[in-house]
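Mind having a look at this structure? Questions to follow.
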Amino acid sequence: MPNQDDTSNQISGLLNQQRSLQHFNLDWLTPAEPLQDAIEFYWLITWDLRDKPPYEQANLPHPSQHIVIDTLQTTGVFGTNTGVFHYSLQQKGRVFGVKFRPGAFADFFRYNPSSLLNTYENIEPFLNISEQKLVSQLKSADEPAAFAVQMDNLLISHRHPLTSKAKDARALVDTIATTDEISNLKDLSRISGFQPRTIQRLFQSHVGVNPKWVIERYRMLAAVDAINNGQNHNLTDLAHSLGYYDHAHFSNAFKKLTGHAPSHYLPESQPV
């Protein structure tokens with residue numbers, strides 16, 4: 001069933017979060033137990049903006065691959081987007097997504113995720129079902145949980161087991177996400193115990209992006225989440241907590257990625 005109780009705690013990377021959630025509903029569903037080592041969760045976005053202007057949503061993607069079924073726009077298997085992902089919500093629609101854990105997609109489908117970087121592929125070669133049929137099923141589903149069960153069965157019938165390489169890749173990404181002291185490949189190697197070349201090969205074959213990008217992306221995700229959560233510190237403090245030399249370096253990196261300085265997303269009452 002949809003998990004709505006801790007929605008605000010699960011959201012990560014949603015730019016302008018408070019305003020965004022006024023335009024759509026975002027729910028999570030838990031995949032079947034046999035899929036949980038490979039799939040983090042299902043997500044469902046629904047909106048009704050009829051008689052309202054379109055809303056442009058932006059978010060920072062994680063180092064994951066997604067299967068996306070979209071009733072209005074593009075349906076497909078999406079790789080990691082190294083920039084900011086933009087989506088225009090208009091009229092009334094639904095989007096259902098399958099978020100793979102970092103490192104899992106490569107073994108699950110026996111497909112190198114580097115080939116999907118900043119692009120997407122048709123679903124049919126992966127799941128042996130047409131995009132039109134999946135979209136039709138999503139449109140007609142009375143309850144999200146019913147569609148999730150259909151996806152459970154479909155994915156279980158096409159999965160391959162995860163190897164130790166997939167599990168090592170996931171562990172490395174988790175280490176980056178949860179360890180403040182990692183700012184480069186050398187730090188990751190020292191803390192994880194993996195040799196730098198081994199890390200680079202694992203990221204190439206199973207994560208789909210290089211370690212440097214993942215380290216920087218999680219710093220930016222932490223920045224966006226801190227701003228969204230209204231944590232009580234100014235941007236200079238935030239920059240230092242994320243390992244940047246000063247506010248200027250942090251602000252320049254943030255603006256280069258998002259198009260706006262961090263102060264653009266701050267509540268008016270929060271100090272710079």
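Among the residues of the range 186-202, is any under 18 Å from the mean Cα position of the chain (by Cα) and open to solvent by 50 Å² or more (accessible area, probe 1.4 Å)?
no
Using the structure shown, decide if Ser114 is over 17 Å from Gln150 (Cα atoms), small (Gly, Ala, Ser) and open to solvent by 10 Å² or more (accessible area, probe 1.4 Å).
Values: over 17 Å from Gln150 (Cα atoms): yes; small (Gly, Ala, Ser): yes; open to solvent by 10 Å² or more (accessible area, probe 1.4 Å): yes.
Yes, satisfied.
Suppose we keep only residues that are in contact with a helix residue (DSSP H, G or I) (Cβ under 6 Å, 6 or more places away or on another chain) and either of a type in the set (Ser, Thr, Tyr) or open to solvent by 30 Å² or more (accessible area, probe 1.4 Å) (or both) within the range 70-86. Which one would you say is farthest from Val98 (Cα to Cα)? It would help to see each step written out before you state the result.
Taking the range 70-86 and keeping what is in contact with a helix residue (DSSP H, G or I) (Cβ under 6 Å, 6 or more places away or on another chain), we get 71, 75, 77, 79, 84.
Those left that are additionally either of a type in the set (Ser, Thr, Tyr) or open to solvent by 30 Å² or more (accessible area, probe 1.4 Å) (or both): 71, 75.
On the way: Thr71: 15, Thr75: 12 Å.
Across the range 70-86, the extreme among qualifying residues is Thr71.
Here's something else I'd like to know. When residues of the range 31-69 are filtered for being touching a helix residue (DSSP H, G or I) at 6+ places or on another chain (Cβ under 7 Å), polar (S, T, N, Q) and over 23 Å from Val224 (Cα atoms), how many remain?
0
Can I ask one more? For the range 20-40, which positions are open to solvent by less than 40 Å² (accessible area, probe 1.4 Å) and outside any helix (DSSP H, G or I)?
Quick first cut of the range 20-40, residues open to solvent by less than 40 Å² (accessible area, probe 1.4 Å) only: 20, 24, 26-29, 31-32, 35, 38-39.
Of everything in the range 20-40, those that are open to solvent by less than 40 Å² (accessible area, probe 1.4 Å) and outside any helix (DSSP H, G or I) turn out to be Phe24, Leu26, Asp27, Trp28, Leu29, Pro31, Ala32, Ala38, Ile39.
Another question about this same structure. Could you give every pair whose Cβ atoms fall below 7 Å, whose first residue belongs to the range 137-164 and is over 30 Å from His206 (Cβ atoms), and whose second residue is among the hydroxyl-bearing types (Ser, Thr, Tyr), counting only separations of at least 6 or pairs across chains?
From the range 137-164, the pairs are Lys139/Thr71.
So, Gly243, is that one surrounded by 15 or more Cβ atoms within 10 Å (Cβ to Cβ), part of a loop (DSSP other than H, G, I, E, B) and either small (Gly, Ala, Ser) or at pLDDT below 85 (or both) or not?
Details: surrounded by 15 or more Cβ atoms within 10 Å (Cβ to Cβ): yes; part of a loop (DSSP other than H, G, I, E, B): yes; either small (Gly, Ala, Ser) or at pLDDT below 85 (or both): yes.
It is true that Gly243 is surrounded by 15 or more Cβ atoms within 10 Å (Cβ to Cβ), part of a loop (DSSP other than H, G, I, E, B) and either small (Gly, Ala, Ser) or at pLDDT below 85 (or both).
List the residue pairs whose Cβ atoms are under 6 Å apart, where the first residue sits in the range 63-81 and is closer than 24 Å to Leu257 by Cα, the second is in a loop (DSSP other than H, G, I, E, B) and among the aromatic types (Phe, Trp, Tyr), and the two are 6 or more positions apart or on different chains.
If the second residue must be in a loop (DSSP other than H, G, I, E, B) and among the aromatic types (Phe, Trp, Tyr), no pairs are left.
The values are calculated or read from the model by the stated rules, or taken from the named source; none is laboratory data. Predicted, not measured: the structure shown is a model, and the values here were computed from it. All Cβ positions, glycine included, derive from the backbone under ideal geometry; neighbour counts span all protein chains shown. For accessibility, only protein heavy atoms count, side chains too; no ligands or nucleic acids. Shrake-Rupley method; radii C 1.70, N 1.55, O 1.52, S 1.80 Å.
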